[in-house]
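Please read the structure below before turning to the comments.
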Amino acid sequence: MPELRKDPITGRWVIISTERRKRPDAFRVEHLEPIDGMVCPFCEGQEAYTPREVLSYRRNGGAANGPGWDVRVVPNKFPALQVEGELDRHGEGLFDKMNGIGAHEVIIETPDHKASLATLPATSVERVLWAFRERVLDLKQDKRFRYILIFKNHGAAAGASLDHTHSQLIALPVIPRNVRDEISGARQHYQHKERCVYCDIVRQELDQRARVISENADFVALSPYAPRFPFETWLLPKRHGSNFEEAPRHEYETLARILKDTLQRMNRALESPPFNLIIHSAPFTESAQDFYHWHVEIMPKLTKVAGFEWGSGFYINPTAPEEAADVLREVVI
């Protein structure tokens, strides 16, 4: 029988439809073939095709905006928001608007066109995480910005326009609604129980083990209790902290290892699916240190969001998280 499950943080309901249950081999993973003959602007030697870099980690001190890099960060050539200008908010009666001020950057994760976070050495994945951190620490000094979202679209079905592995960062002058919902839910839990809801989740999941996929000294990978999507996976720090960019240095190394491990498991179990990855971190313009807990969410693109989901706000998930965790846990790396 189907189950309705409630997310303990946001209060969002999902339907775990056991009648529509699917194991990995039942999903049709959508892969689009790359177009031959196209110049990839993210490949080493093609730096002239991108805007000038704002950060790079280079081998042997190579010159900026040329070959010899391991990770490279550039402004998005087609930005969602513009970094220049004043933040002017105004409206007309009920209608509110402001200038489209922000920053939109691309983190090119490797010069190797065929590599991915799952295939790169863990040390290379760690460098990508350090690039995320450096850019957040730099951009948060701009008083016009209130939130910085780091995300990755892997594969065309997940929204990636280029095949070369990369992530994106967008600095916003407002705090997104989804973030507000998480912050509000975490704050309410803390007010009632004087504990972080995410710390409670980590403790309960490690005690029960039913939805734990893997763990290391600092992180646990798990299938959340009320996942919106099949094989949705969260990477949660065991140590409480509200902001990704303020984590201790050693946690970027252990996060790199468990992130690589999780993506390898997904690739083997789900035939290298497209996915979206999002770093959830507290807004840096308000204090959430006591009750919010930064984390990473990975959502393989195995089903489509359609009319019921858009109309109701409920998600239908054909795979129970306990089954998803079991499948991913059994993968041999």
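Some observations on this one:
- The range 257-287 - residue that is buried (at least 22 other Cβ atoms within 10 Å of the Cβ) and small (G, A, S) and, of those, farthest from T319 (Cα to Cα): A282
- Criterion applied to N216, N178, N243, N267 was being out of contact with any strand residue (DSSP E or B) (no Cβ under 6 Å at 6 or more places or on another chain), closer than 15 Å to D7 by Cα and not hydroxyl-bearing (S, T, Y), and the one residue passing it is N178.
- The one condition from (1) in contact with a strand residue (DSSP E or B) (Cβ under 8 Å, 6 or more places away or on another chain); (2) free of Cβ contacts under 8 Å to residues at least 60 places away in the same chain that V54 does not meet is (2).
- 3 or more residues of a type outside the set (S, T, Y) and modelled with pLDDT of 95 or more: qualifying strands (runs of 3 or more DSSP E) within the range 1-87: 69-75
- Close contacts from the range 1-23, counting a first residue that is over 19 Å from W234 (Cα atoms) and a second that is modelled with pLDDT under 90 and acidic (D, E), with Cβ to Cβ under 9 Å and a gap of 6+ residues or different chains, come to M1/E19; P2/E19.
- Lone unmet requirement of (1) assigned to a helix (DSSP H, G or I); (2) surrounded by 22 or more Cβ atoms within 10 Å (Cβ to Cβ); (3) among the β-branched types (V, I, T) for T254: (2)
- Considering the conditions (1) out of contact with any strand residue (DSSP E or B) (no Cβ under 6 Å at 6 or more places or on another chain); (2) surrounded by 17 or more Cβ atoms within 10 Å (Cβ to Cβ), I170 is excluded by exactly one of them, (1).
- Check on L235, under 28 Å from P318 (Cβ atoms), outside any strand (DSSP E or B) and hydrophobic (A, V, I, L, M, F, W, C): no
The values are calculated or read from the model by the stated rules, or taken from the named source; none is laboratory data. All values reported here derive from a predicted model rather than from experimental measurement. Heads up, the Cβs are rebuilt from the backbone with ideal geometry, glycines too, and the neighbour counts pull from every protein chain shown.
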